[in-house]
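The values are calculated or read from the model by the stated rules, or taken from the named source; none is laboratory data. Worth saying up front: this structure is predicted, and the values here are computed from it rather than measured. Note: ideal-geometry Cβ built from the backbone for every residue, glycine included; neighbour counts use all protein chains shown.
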């Protein structure tokens, strides 16, 4: 590892974000039409390696269905407004109009409403009846309380997502979620995270998770670095977790755990670089919140933005670029990497000579910090 001296009493590792790296062409190019973006996790096949983040600004039942029909996986936040209110649309509209000075306080009030198990069942039923793969997310803190409702409602994939999730949470006040036992007893594949390093990811893989989310408060709506002083540059984090996947594959005798980059993926180029660092798929938040038909109406926020005691996120304005279909597949009407995300990924793979996502993980990468002109 590239260790540097911070001062005489402290050394630190040099880590890289996606802005710090770029991919290199190989000796051949490909026809873009011959490039495959297919991705499969467990028994579920997708036409693109994209998971829509379980955030109220990104996913409603309708947008989860739209992402599923487009060939990706939409994950509904089962602790969000859709599980707290019969009709959250007026509240989503209100959040989009809040003055920044009062946005956090008002969102804390809105999200103080109790989660209603019957609404969890209803929302998942709506998605299931559309015929797409059904996925819902809970935080580790809420999983023990609501997991049975979620499974009985008929999810295909269960996501446990937090700012950071460990396989060994220590608490003297209450019994923590035993991930390994929980995943073993569950009948559906589990994706869990975030993890930001090799050791934490390896322990999560040993719990039996089908996929590990990589990231630690690095998304557009997070303020984790300023509130907690914690930050994990994503290029290094994904590469570290990919190394854990490789070592666990040997340790387990061939069990493959999917690495899913979650955070710092604002543009199509970031998606390319995440896969180049070893990701099998990406979880997109702000990139999809820019869709004109996204629930956030040009704004983006996560559960950290309305935490009752210590908010570690904010409602941020990301704007509205284009309908979801154009955000994913184009045609692009700009050159900033915010629309036609899959077209750009396909073009990058063709230009660098790779025909599928697994091959792209082997591409050469250079350290070349981006200098905007």
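Quick one: in segment 225-234, which of the residues that are in a helix (DSSP H, G or I) and in contact (Cβ under 8 Å) with a residue 12 or more places away in the chain is farthest from residue 2 (Cα to Cα)?
Taking the candidates together, the pick is 227.
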### Filter result for residue 126 (loosely packed, with under 15 Cβ neighbours inside 10 Å and either out of contact with any helix residue (DSSP H, G or I) (no Cβ under 8 Å at 6 or more places or on another chain) or at pLDDT 95 or above (or both))
no
### Task
May I ask you to verify whether residue 287 is assigned to a helix (DSSP H, G or I), without any contact (Cβ under 8 Å) to a residue 60 or more places away in the chain and crowded, with 18+ Cβ neighbours inside 10 Å?
yes
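With within 24 Å of residue 290 (Cβ to Cβ), in contact (Cβ under 8 Å) with a residue 60 or more places away in the chain and either exposed (fewer than 15 other Cβ atoms within 10 Å of the Cβ) or touching a helix residue (DSSP H, G or I) at 6+ places or on another chain (Cβ under 7 Å) (or both) as the only criterion, which of 237, 220, 261 stands out?
Selected residue: 220, the only one of 237, 220, 261 that is within 24 Å of residue 290 (Cβ to Cβ), in contact (Cβ under 8 Å) with a residue 60 or more places away in the chain and either exposed (fewer than 15 other Cβ atoms within 10 Å of the Cβ) or touching a helix residue (DSSP H, G or I) at 6+ places or on another chain (Cβ under 7 Å) (or both).
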### Task
Spot the failing condition for residue 368; the list is (1) more than 23 Å from residue 97 (Cα to Cα); (2) modelled with pLDDT of 95 or more, and only one is missed.
(2)
### Task
Output the residue which, of all residues in segment 240-258 that are in a helix (DSSP H, G or I) and either under 15 Å from the mean Cα position of the chain (by Cα) or touching a residue at least 60 places away in the same chain (Cβ under 8 Å) (or both), is surrounded by the most Cβ atoms within 10 Å (Cβ to Cβ).
241
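Residues are listed down the side, and each one gets a yes or a no for (1) under 30 Å from residue 30 (Cα atoms); (2) surrounded by 21 or more Cβ atoms within 10 Å (Cβ to Cβ):
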position	(1), (2)
300	no, yes
317	no, no
328	yes, yes
334	yes, no
369	yes, no
### Message
Checking the structure you have, find out if any residue of segment 320-329 is free of Cβ contacts under 8 Å to residues at least 12 places away in the same chain and either outside any helix (DSSP H, G or I) or in contact with a strand residue (DSSP E or B) (Cβ under 9 Å, 6 or more places away or on another chain) (or both).
### Response
no
#### Entry: Only listed residue being crowded, with 20+ Cβ neighbours inside 10 Å, at pLDDT 95 or above and in contact with a helix residue (DSSP H, G or I) (Cβ under 7 Å, 6 or more places away or on another chain), chosen from 195, 276
276
### Message
Suppose we keep only residues that are surrounded by 15 or more Cβ atoms within 10 Å (Cβ to Cβ) and in a loop (DSSP other than H, G, I, E, B) within segment 336-355. Which one would you say is farthest from the chain's Cα centre (by Cα)?
### Response
353
### Query
In segment 1-20, how many residues are outside any loop (DSSP other than H, G, I, E, B) and farther than 24 Å from residue 191 by Cβ?
11
### Message
Please determine whether any residue of segment 42-50 is within 23 Å of residue 274 (Cβ to Cβ), touching a residue at least 60 places away in the same chain (Cβ under 8 Å), surrounded by fewer than 19 Cβ atoms within 10 Å (Cβ to Cβ) and touching a helix residue (DSSP H, G or I) at 6+ places or on another chain (Cβ under 8 Å).
### Response
no
